[in-house]
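Reading through the structure tokens given below for one structure.
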Amino acid sequence: MHKFAALAERAAQICAVLAALIFFVSGIVYLCLGHWTVTHLDYWRIYNFCLNHTWLESALLKHNGHSLFFPSFFWLTDLRFFHGSQEPLFFAGLVLLLVTVALLLILVWRDETVGLTAKAMATLVVIVGNFWMARAPITASGGFNSICSLAMASATLAVLLLPKMCIRSAWSSLATLIVVCAGFVASFSFGTGLAIWPTLLLLAWCLRLPWRSFVPLGIAAVAAMVIYQLLPPHSKGHGVIQAAGSAGLALVTQLCRLAGSPFFYAASGWHENPLSAEAAQSSILSLWCGAAGLAIAVVAMVLTLIRRDLTKSSLKLIGMALVTFNFVAMGLVIGGRANHFRALPFEVAAARYLFWGTLFWTGLLLMAVQCAESKLWLRWPVYLVALALPVLAFPEHYRDGLNARWGREAAEWSAVSLVNGVRDEQLARPVLGYLELGYRVAGQLRVRRLDMFADGLQDWIGLEEANLFGGRHKPEKLKGQCAVTALVHCDNGAPAARVVVQAASQGGSVPETLVIVDPTGVVRGVARSSTTSRFISRVFYLGKVQNNFLGYIRDYNPRLRYTVCSADDRTLSEGKIPVQVGTTEPAKP
């Protein structure tokens with residue numbers, strides 16, 4: 001019997017390691033291939049402010065009710081030194097996410113009260129909770145990920161060093177300083193970062209820290225909240241954190257739905273068609289799972305406050321920290337956005353809030369793993385739940401990874417329309433959000449040669465083919481097809497055409513950039529594509545990602561014959577693909 005139990009634990013360890021590895025690798029691949037590569041969504045509004053104000057104003061003033069002081073220096077530096085490319089922002093956010101995971105795993109693996117199997121299960125839970133692609137609305141955006149992961153990394157660092165504050169030495173003073181500084185970084189990285197102060201105070205009590213440790217934490221907490229409220233907004237429409245304007249029962253219901261939304265999204269992955277946000281708002285599953293999770297969290301926090309036993313297990317410490325921090329963070333979301341949720345109830349289950357909801361459940365599972373170590377009857381039920389977690393979450397993980405890749409393609413196609421100076425509102429709306437604001441800020445980016453304009457592709461349009469790149473050509477044959485799919489308008493009102501291209505060189509390689517030339521040899525537009533290798537497409541996307549180009553023809557005349565050629569390495573290919581006129585309808589100006 002003992003031998004069988006040992007084999008079962010060994011098998012569980014191997015399964016946990018393999019599942020964690022698969023989730024980690026796939027999550028990294030999906031993020032790297034599906035992240036936003038151009039300015040998007042809220043960043044049109046943020047950049048509109050940054051491009052017209054000083055660094056200090058851009059960092060200090062609140063955006064949409066959030067103080068983004070510390071993460072703002074990422075994109076301010078990017079705009080100043082890296083031409084507004086989204087790649088540095090993405091890698092900054094990814095590094096911060098990895099740092100958060102590393103700090104969590106340090107607390108998991110240094111716990112001497114649990115065995116190897118429990119640590120393997122806890123590692124699996126941490127990996128799935130942080131790299132689940134349902135969180136892609138945040139983690140696939142370099143800017144959003146820098147904001148949220150900086151808050152989480154700072155909060156985790158503060159929790160890691162909090163027990164050191166009880167030691168009477170110079171290390172205690174240094175630990176106190178780092179904890180307070182990390183708390184301020186979390187607080188002024190995002191609005192929900194203010195949850196760090198009640199979390200630290202609760203943990204300090206449960207760790208039996210001396211009373212002198214509460215003084216700097218209490219002073220810092222009050223100072224952070226006062227400063228946060230005094231910081232002015234960047235526009236009159238967004239002031240201080242809103243007071244809850246809904247009835248108590250309505251707020252509790254919204255909090256339950258927000259906390260339970262990870263279950264709804266995991267279940268949605270098993271449906272043939274994804275379920276809508278409206279369905280999430282009325283989901284019984286999210287409501288009752290959220291209510292159960294919050295009830296368990298409250299009981300766990302009360303018992304921990306009474307027993308004050310966090311000194312024994314670092315695994316329980318980080319589990320309680322994640323539960324408390326994200327419990328308060330979700331409460332801040334509900335309270336701070338009460339009016340918004342009252343107007344748009346389905347927004348309470350928006351996928352962008354999964355960043356906090358998944359970490360809340362990660363904390364509960366970590367506490368369950370630690371608790372199961374001392375209760376033999378609970379051990380295998382908890383282990384089986386942990387092993388089932390990646391299986392239940394993987395369909396939505398894959399679907400959101402694929403959607404992120406398609407979303408990146410749509411964003412880059414929108415950028416191509418801006419580079420060509422074309423108003424293709426059908427493709428641009430999901431990326432620009434507020435169209436007129438987006439087009440206005442895109443004009444500023446063009447003038448400053450930032451982001452999608454940094455490569456200077458817009459300068460090619462209007463040049464003669466013989467003068468482009470000094471007339472350099474290469475004897476490369478190009479095969480494929482190109483067709484006009486829609487008629488749109490240029491930014492000056494002139495007619496334009498959207499074209500979709502499938503192109504490859506004679507050797508089978510796919511070019512990155514194409515130019516579209518009219519019969520007189522003048523460049524009338526450019527086309528680009530996000531290429532994905534066939535191996536990656538088959539393994540991670542089941543072959544559903546194709547390498548299509550999208551481009552535009554300015555001053556389009558359907559009676560002329562246009563051709564497409566490759567422009568990689570600033571050399572034109574001698575081989576060309578004729579543009580075919582498809583069935584199109586003119587767009588409204």
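Some observations on this one:
- Tally of residues being aromatic (Phe, Trp, Tyr) and either assigned by TED's automatic domain parsing to the domain that holds residue 555 or modelled with pLDDT under 95 (or both) across region 442-459: 0
- Count - residues of region 297-328 that are in contact with a Leu (Cβ under 8 Å, 6 or more places away or on another chain), surrounded by 14 or more Cβ atoms within 10 Å (Cβ to Cβ) and not in a helix (DSSP H, G or I): 2
- Which listed residue, of 19, 59, is surrounded by 18 or more Cβ atoms within 10 Å (Cβ to Cβ), touching a Pro at 6+ places or on another chain (Cβ under 6 Å), of a type outside the set (Lys, Arg) and in the same structural domain as residue 189 (by TED's automatic domain parsing): 19
- Any pair with Cβ under 8 angstrom, 6 or more apart, that starts in region 501-513 at a residue that is assigned by TED's automatic domain parsing to the domain that holds residue 524 and more than 27 Å from residue 486 (Cα to Cα) and ends at one that is surrounded by 18 or more Cβ atoms within 10 Å (Cβ to Cβ) and at pLDDT 80 or above: 506/476; 506/478; 506/575
So that you can scan it fast, the table gives a plain yes or no per residue for (1) under 30 Å from residue 22 (Cα atoms); (2) among the charged types (D, E, K, R):
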site	(1), (2)
480	no, no
485	no, no
491	no, yes
495	no, no
500	no, no
523	no, no
527	no, no
540	yes, no
543	yes, no
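- Residue within region 225-241 that is touching a Leu at 6+ places or on another chain (Cβ under 7 Å), surrounded by 22 or more Cβ atoms within 10 Å (Cβ to Cβ) and either closer than 20 Å to residue 67 by Cα or hydroxyl-bearing (Ser, Thr, Tyr) (or both) present: no
- Screening region 68-123 for residues that are farther than 26 Å from residue 182 by Cα and of a type in the set (Gly, Ala, Ser) and picking the one that is surrounded by the fewest Cβ atoms within 10 Å (Cβ to Cβ) gives 115.
- Test: residue in region 427-441 that is at pLDDT 95 or above, outside the structural domain of residue 526 (by TED's automatic domain parsing), within 28 Å of the chain's Cα centre (by Cα) and small (Gly, Ala, Ser): no
- Evaluated against (1) of a type outside the set (Lys, Arg); (2) at pLDDT 95 or above; (3) closer than 30 Å to residue 309 by Cα, residue 210 falls short on exactly one condition, (2).
- Subset of region 441-467 (residues that are touching a helix residue (DSSP H, G or I) at 6+ places or on another chain (Cβ under 7 Å) and of a type outside the set (Gly, Ala, Ser)): 441, 445, 446, 450, 451, 452, 453, 457, 458, 460
- Among all positions in region 177-196, there is no residue which is surrounded by 24 or more Cβ atoms within 10 Å (Cβ to Cβ), aliphatic (A, V, I, L, M), over 18 Å from residue 68 (Cβ atoms) and touching a residue at least 40 places away in the same chain (Cβ under 8 Å).
Every residue, every condition in (1) charged (D, E, K, R); (2) surrounded by 14 or more Cβ atoms within 10 Å (Cβ to Cβ); (3) touching a helix residue (DSSP H, G or I) at 6+ places or on another chain (Cβ under 7 Å), yes or no:
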| residue | (1), (2), (3) |
| --- | --- |
| 511 | no, yes, yes |
| 530 | no, yes, yes |
| 533 | no, no, no |
| 539 | no, no, no |
| 543 | no, no, yes |
| 550 | no, yes, yes |
| 557 | no, no, no |
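- In region 439-480, the residue that is surrounded by the fewest Cβ atoms within 10 Å (Cβ to Cβ) out of those that are on the phi > 0 side of the Ramachandran plot and in a helix (DSSP H, G or I) is 470.
- Any chance residue 135 is surrounded by 23 or more Cβ atoms within 10 Å (Cβ to Cβ) and either among the basic types (Lys, Arg) or not in a helix (DSSP H, G or I) (or both): yes
The values are calculated or read from the model by the stated rules, or taken from the named source; none is laboratory data. Since this is a predicted model, take the numbers as computed values, not measurements. FYI the Cβ positions are ideal-geometry reconstructions off the backbone, even for glycines, and counts take in every protein chain you see.
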